[in-house]
Every structure is written in structure tokens, then in C-alpha cells.
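Some notes on the structure that comes next.
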Ligand code: SAH
């Protein structure tokens, strides 16, 4: 990978301190694999007095978005394995936030683990860590579910244990914070100290946030919300017994099981989770986001369809907007149209008639802004205009839930 000679490492202090304000000395944070800056955003959100002394990523598109949102942060468009021990030392950081590439640990990514070339930079960093002049005091790492059973994880644990860190691992989804989006991810938080962390559970991966004093509970549902929820007990999917053919051969279909329908119904009636409507763009012109008729016909049975009053959505991945299956929920924007009615009526119709029926649901993709909202990015977060919608989906799919990470940073720091 080419490195830009002009981008030197500057260990000097920066003027602005994110989340500052207290008299405490700001943490010096190194953000590895920075992408669009989910970690930086989470750091701000956490309120911990800190400054990002360097963000590092090789992806030029992601870097454009990072610079757009964090223009004052030193961003190095370099490979991590291209940065020397001396350069790392010069940054004199005391916190590391990182989300190494996850493909080596996903089921679809073939699980190359330590042998995957995409793990190389992380192994390089693990090799650097014990040799730093000053060890960082805090480490937070995010990855996909699957990382916890990898050899790369074992190496990470071995390395930080040898350095004298105490740590805790988690598998967490934003739904535990009342956010209607599933995104189960692996997290590790580690602190350089001899006594165990107060919530440390040796040998266990925690599936919930530990209780800390400053914990803000998800806001309880209002009466209006409860009433709206009562009205919304209808299951919003009914795929059973529908088979279609398309001009290009057999159409893929999925029979949704009773268990799945029940699970969705249960999620939609969980008042500790907010409704999707609060995350949607106001006054949106949906023209560019409607699901095209061909996709509707071909993939009708694979779509995970939600309405604004639902309290769930599936994980948005980087293929959202391009591939239909398993890349994230789509939104039914027509009111007063019952999805089961539409689906039940499709049998024995011609293709044109089926399309006409399906179009009545007015199904659209969530916009990048809406996905950013569900990921906990603040309203001020944006994309440079020239970044195409598909690129936005791809970058957001690689990013993380800001509020989940913010909570973990706070827990780690306190
Ligand atoms: N947390 C980030 C996304 C992390 S995805 C966010 O909020 O957007 C992993 C990132 O690692 C990608 O942006 C990819 O470009 C970057 N990356 C992968 N290999 C790298 C390497 N060897 N050196 C630097 N960056 C790398």
C-alpha cells in the first residue's frame, strides 16, 4: 500500500479537547482503523475528557468522511503495519480505540482468522504494544460476533495479560440501550492496573452492560407510546405459502416460521425499546429510496419489512441497498395497508398484478442518514456531497453503534 510521505506523525498537543471542560488532564487517544470515525464520535459522546491524537485508516473514501466530520484531527492515510514503533511512541497515547477488519472472523468471511492477510496489521500492533515506551492505560476493541472464538482473540488476551492489563469481554447489541436496531458485536475493554475491574467476570463474556452509578436508563415509554403500541399488535409479516416464478428462473423465497413471527411480535411490544419513527428523516423525498419493482418481485419473500411504529430493525451491513437478503430491514411507508393482506392476495396473479400489489406497500430503503441515526451518530454528522449513496451504506455498514461504545468508554474510564 502506498504511503503518503507528506503525512508525518505529530505527537504534539492539539488545541481542541473533545468532551473537555473539567480540570482533568485530557486522555490522548489513538484511533486505529478509524473509518468514518465511529470511535471518535463515541469518545465525544462519552463525555470523557480526551483528544484523538491520531486516527489511522487506509480507505480514502472513509478518510474523506472522517475529515469532513473531524477536520481538526490528525488523520493518517497509512497502513498500521507501516507505522514504526518510534512513530507510535512519539504519539504518546494513553488510550487505544480500535475496530480491526472483521471479515476474517465472520461466517461469510471464511474465517481466515490469524492466517487471513487482513489480520496482519492487527498482529503487527499486538507485537508493537508490549514494546511501547509507555503502555496505554486503556484499550477498547470492537469486532464481530465470532471474534471471541478466534485464535486472534487468544493472542490479544495473551498479549494484554502479559502487559498487566485487566479486561472484560462483552457481546452487546444496541437494543440493550433501547435503540430499535440489532447489531450484536464483540467488545473488549482493558485497563492497565493490578486489581480486577469492579464488574470483571473471569472467563465470561457479558451480554449486558454492567451497572454503573451514572447509568442512564432508556427513557420509559410515555402513555401515548403505550397506547400506540396497544394498537400495533398485528404481526407485520406473513410469508407463508407464497411461491412465485420470475422471468429469470425460480424465485428465492423464505417461509417465515411461527417462531420468527412471534419473536418479531415480541420485539415490537418491548416498551423499553423506542419506535423506529423517531429515527426517520423528516420531510424526506423518498423517490430514490423505493425498492424497484424487479427487486420487489424477486425478493419479496426475503425482505425484512418494518413500519415506523416497529421497535426493531435488523443489522445494516455494507451491502445494504445493493443486496437484499440479510443486509438490513426495509421500511413500509404506506399507512392503512396490511402487509399480510397484500401477501395473501398474490397467489395466482400475473407478474404485473403482483408488482401492482407489492407497490401498494411503498417499501423503501432506510436512508444513510436514518442508519446513522440508528447507529447513534449525532444530527451534526454528515457526508461530503460527492460520496455516493452506496458508498455511504458501505461505510456505515462497517461502522459501529456510537452509543454502545460511548457507554463502554465511560464504564472503562470510571
Ligand atoms: N470503526 C470504523 C470502521 C472500522 S472497519 C468506523 O466507525 O467507521 C475497518 C477499517 O480498517 C476500514 O475502514 C479499513 O479501511 C481499515 N483498515 C483495514 N486494514 C487496514 C490497515 N492495514 N491499516 C489501516 N487501516 C486498515
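Only the coordinates and a few stated rules stand behind these numbers; no lab work does. Since we're looking at a predicted model, the values are computed, not measured. Quick reminder, even Gly has a Cβ in these numbers, built from the backbone with ideal geometry, and neighbours come from all protein chains shown.
With only the Cα atoms considered, the stretch 30-121 has a convex hull volume of 111 Å³ per residue.
Distance between the modelled labels on residue 106 and residue 334, one decimal in nanometres: 3.2 nm (7 Å Cα→Cβ projection). With a simple spin-label model that places each label point 7 Å from the Cα along the Cα-to-Cβ direction, the separation between residue 359 and residue 208 comes to 4.9 nm.
The tail of the calculated P(r) for the stretch 250-400, taken as Cα-Cα distances beyond 19 Å, holds 55 percent of the pairs. The alpha carbon centroids of the stretch 309-332 and the stretch 179-213 are separated by 27 Å.
Between the C-alpha center of the stretch 29-55 and that of the stretch 342-395 there is a gap of 30 Å. What FRET efficiency do you get for residue 325 and residue 166 if R0 is 56 Å and r is their Cβ-Cβ distance, rounded to the nearest 0.05? Working from the Cβ atoms, E equals 0.85. In plain terms, the chain from residue 86 to residue 350 could stretch by 88.2 nm, reckoned as 0.36 nm per residue minus the Cα-Cα distance. Computing FRET efficiency as 1/(1 + (r/R0)^6) for residue 154 and residue 72, where r is the C-beta to C-beta distance and R0 is 22 Å, gives about 0.05.
Model label sites at residue 271 and residue 195, defined 7 Å from Cα along the beta-carbon direction, differ in position by 4.1 nm. Panel note: the C-alpha atoms of the stretch 285-339, placed on their principal axes, show extents of 29, 25, 25 Å (largest first). Which FRET efficiency value, to the nearest 0.05, do you get for residue 120 and residue 414 by plugging their Cβ-Cβ distance into 1/(1 + (r/R0)^6) with R0 = 25 Å? Step by step, r from the Cβ atoms, then E = 0.15.
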